[in-house]
Every structure is written in structure tokens, then in C-alpha cells.
Amino acid sequence: MMTTFESTVRQIMAPQQRVYDMLSNLENIEKVRDKLPADKIDNLSFDKDSVTVSVPPVGAVTMCVVDREEPKTIKFEAQNSPVPFNFWIQLLPVSEESCKMKLTIKAELNIFIKGMVQKPLQEGIEKIADVLQVINY
């Protein structure tokens, strides 16, 4: 059963194109590594099109960019994940100097798994949104 998790819509005080340029190249993660919760993420590695993290208790999960729709959407697909899921970042212009961002996760969850991961996934997507909202674009 497909389950959708969405972050709250966040205002970012930077132009849509600048935010897209930063987030669509995963090598830019290096610039925000210090803002990531070290206690939640181990062994972070990345290149332009993928990011791999060790997430206790799951293990290493890789997310690869599967689609970029400039300057609106960046779509990721999980690989090596015990639960198949997609993740995407949506950006909408508000003004020349600001945009809105929403994060979405769609995961294939059976009823038992959903009960266990629903709260951590919803909290996790909000934490990712928190970090992405405070980046200096």
C-alpha cells in the first residue's frame, strides 16, 4: 500500500532558481554537513547524483536523483532500502527573492510496517525541511 508523507510548506528567503541549483547538485551537501544531526546520520557519502547515509537501525540507504525538472522539482528513488520509497523536493516561486518548498515521501508500506515507521518518517521529513530551510543559499 502506497503511503504519502509530506512536510509542511516552508518559506525560503532565496530565489527559486538559486535554491534549485544548490539542491539539484548533491555535492553541495558538503556545505551543510555541519547542520545535519550527527547522532541520526552516520557515514554520509555523496556525489552529484546520489547520497548514501547509514541510518540506525536500517543500515546504509542510497537515494539517487531520478528526475530533475528545473527549477521546480528534484525526484529521488531509494536503493538498498528495506522499504521502497521515492522522495522529492518541490519548489515554487513566491517573489524574485523567495520561494516555497515542500518535501514528499511516498513509500510502499504494509500495515505492520506503517505502524512502526509512520511517526519517525513524518518527524524525519520535517527535520530535513528544517535543515533545507536554514541553508544559506
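Could you grab me the full set of residues in region 72-124 that are charged (D, E, K, R) and closer than 24 Å to Gln16 by Cα?
Of all residues in region 72-124, those charged (D, E, K, R) come to 72, 75, 77, 96-97, 100, 102, 106, 108, 114, 119, 123.
If the condition is that a residue be charged (D, E, K, R) and closer than 24 Å to Gln16 by Cα, then Lys72, Lys75, Glu77, Glu96, Glu97, Lys100, Lys102, Lys106 are the ones that fit.
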Could you check region 29-53 and list, in sequence order, the residues that are open to solvent by less than 30 Å² (accessible area, probe 1.4 Å) and either at pLDDT 85 or above or of a type outside the set (A, V, I, L, M) (or both)?
Ser50, Val51
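Quick test for you: out of Gly124, Gly59, pick the one residue that is surrounded by 17 or more Cβ atoms within 10 Å (Cβ to Cβ) and modelled with pLDDT under 90.
Details: Gly59 fails: surrounded by 17 or more Cβ atoms within 10 Å (Cβ to Cβ).
Residue meeting the stated conditions: Gly124.
Taking region 89-121 on its own, how many of its residues are touching a residue at least 40 places away in the same chain (Cβ under 8 Å) and crowded, with 16+ Cβ neighbours inside 10 Å?
First pass over region 89-121, keeping only residues touching a residue at least 40 places away in the same chain (Cβ under 8 Å): 89, 91-94, 96-111, 114, 118, 121.
Within this subset, residues satisfying the condition of being crowded, with 16+ Cβ neighbours inside 10 Å are 89, 91, 99, 101-105, 107, 109, 121.
Within region 89-121, residues that are touching a residue at least 40 places away in the same chain (Cβ under 8 Å) and crowded, with 16+ Cβ neighbours inside 10 Å number 11.
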Might you let me know whether region 78-88 holds any residue that is under 21 Å from Gln11 (Cβ atoms) and either open to solvent by less than 60 Å² (accessible area, probe 1.4 Å) or without any contact (Cβ under 8 Å) to a residue 24 or more places away in the chain (or both)?
yes
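The values are calculated or read from the model by the stated rules, or taken from the named source; none is laboratory data. Since this is a predicted model, take the numbers as computed values, not measurements. Backbone-built Cβ (ideal geometry, glycine too); neighbour counts: all protein chains shown. Accessible surface is based on the protein model in full, side chains and every heavy atom, while ligands, DNA and RNA are left aside. Shrake-Rupley method; radii C 1.70, N 1.55, O 1.52, S 1.80 Å.
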